[in-house]
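Some notes on the structure that comes next.
Read the figures in this text as sums done on the coordinates, not as results from a lab. Note that the structure is a prediction, hence the values are computed from the model and not measured. Cβ sites come from the backbone with ideal geometry, for glycine too, and all protein chains shown count toward neighbours.
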Amino acid sequence: MKIQMAYPQRYLRVPTLFLTFLLSLSLFGCGSSDDNDGTGYIQLYNLSANSPGIYLTTDKYDDDDFDEKTHSPILYTKVSSRLTYDSDTYDIELAWQNEYNNDYDLEIVYQSQLQVNKDTIELVVVTEDIKAPTVLVYDIPVRDDNEVDDDINDEIFNIRVLNMHTLSAGVDMYYSESHETFNEATLLNQTHYSEMSENQKIAQDGYIFYLTSAGSDEVLYQSKNIDFPYASEYIMIIRENTGVGSSPFILDKISTSSITEYSDTNAEASYRVFNGIIEHELLPQYENSFDFHLDGIDNSPEVSALNFGEFSQSIITDSGDYSMSVVTPVAQSPILSNHLLALTENTDKTVFFYLLEEAVDEDGDGNIDEDGDGYIDEIEITINSLVVDNSQSNSIYSHQMKVINLIDQDNIIDDFSNIKVYFVRSDEIIATADQYITAIFAQPSSVTLLNNTYTVYVIGRLDSSDIILSASELILNEDSKDQFIILEKDLNSATGYGVNFANQTSE
């Protein structure tokens with residue numbers, strides 16, 4: 001029995017031959033004909049910013065011989081490969097997974113019929129709010145063998161442009177060769193929201209793309225050099241920039257089975273700093289806070305007197321490579337210097353600073369208690385940095401938990417052989433929890449959780465024993481953000497360890 005739509009839906013099929021207006025079409029077709037016998041393709045592109053991974057399911061409710069197919073989920077700004085189907089009309093559903101380990105009982109957000117035509121790609125674009133998405137379908141003819149051979153011989157590639165940015169004035173796209181500037185650029189096309197251009201054939205080479213508002217010569221976006229070395233087909237998607245850079249645009253280049261994102265080459269980057277350095281007798285000048293500097297120490301630190309267990313505010317700066325230094329706030333005694341911070345365009349990062357304690361084995365024999373008194377002969381420490389990419393996902397139904405373990409140091413006798421983090425729901429215990437991860441020291445590990453209430457247990461393995469280091473409640477709902485879960489030593493807690501929950505972005 002066909003399930004009724006759970007939400008009002010909007011569906012548009014957009015022919016590529018029309019550049020100045022959209023034509024809404026009904027897709028309730030009359031089935032295939034002899035002239036349309038053959039194969040076509042479906043390709044799903046997820047452009048719904050607040051969505052989790054979207055599953056595409058195809059079926060024929062009037063054909064008992066057809067086996068329903070559910071394809072792997074497509075995350076925001078990602079694209080599926082071209083999925084091969086016999087030319088016909090299919091019942092399609094778009095949905096997200098609302099239960100762990102269950103790809104069959106999905107939450108449907110859209111359903112309709114889709115006609116797959118012979119030698120045609122049906123590009124299905126999911127956009128706007130996932131609670132009531134707009135789904136656009138574009139018919140893209142597949143080149144025949146003769147055209148492909150001609151393109152190879154002529155050393156050209158094929159390009160279409162799809163504008164998915166809502167700038168009301170429309171967008172002009174220009175391109176130039178890699179050694180040229182906007183002054184030498186050629187207008188490729190002019191498009192408004194949801195319009196796809198006709199196919200154009202351009203000589204294989206490397207090109208720079210520029211975006212302006214319609215009729216303007218003010219460049220709002222400039223790509224790096226993008227190579228097109230093959231006689232292939234590409235769709236350049238203009239979409240909203242959800243990163244930290246000031247340009248309003250991002251370009252996605254879609255090919256047969258992949259997608260590549262290109263930020264504005266002049267886009268800024270953002271970072272913030274976390275102080276995870278514990279006090280230690282071998283670091284007597286440090287008293288639980290530090291100043292943070294970029295590219296040398298001066299009288300104006302980027303971050304002043306950052307206390308243990310705290311984040312700085314996010315700082316926006318030019319993209320590039322920087323040298324990081326950390327000093328004590330008053331005496332300016334050096335704690336760390338010349339660590340690299342590489343900030344690529346449009347990215348948002350967090351820098352974690354932490355202390356590593358290691359036993360000294362001077363003769364390399366593996367014995368760190370040479371005198372047999374039951375104590376480690378000598379300890380040494382280092383201060384380290386860990387640079388982590390912050391999630392920029394805005395999914396309302398699932399959230400990424402990124403665990404940063406700053407306590408598992410396996411070089412000391414009494415430290416844990418491993419630490420695991422369990423996310424336990426109300427009907428589970430630790431032994432039956434679906435979701436858990438192993439937290440390796442100073443290596444980020446991630447798990448994606450569905451909205452629910454969890455008890456988060458941090459369990460350390462010590463010899464044959466499992467030790468509860470921490471237990472905390474975690475509530476995830478549509479307003480939640482992707483989070484860091486920072487495991488750290490805490491001398492004020494009953495176990496000597498604690499957990500710090502924090503949003504991955506400071507907004």
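The table below gives the values:
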quantity	calculated
Peptides ranked, highest mean first, by Cβ atoms within 10 Å: ranges 42-52, 455-465	42-52, 455-465
Burial ranking of peptide ranges 120-130, 429-439, 97-107 (average Cβ count within 10 Å, highest at the top)	120-130, 429-439, 97-107
Net +/- balance of residues flanking Glu177 in space, Cβ distance below 14 Å, scoring K and R +1, D and E -1	-3
Extension reserve of the Glu310-Lys131 stretch, reckoned as 0.36 nm per residue once the Cα distance is removed	60.9 nm
Between helix 145-154 and the chain: long-axis angle, C-alpha atoms, 0 to 90°, nearest 10	70 degrees
Span from the the range 98-146 Cα centroid across to the the range 467-496 one, whole angstrom	39 Å
Which of His339, Met324, Gly309, positive extreme of dipole for the chain (C-beta unit charges)	Gly309
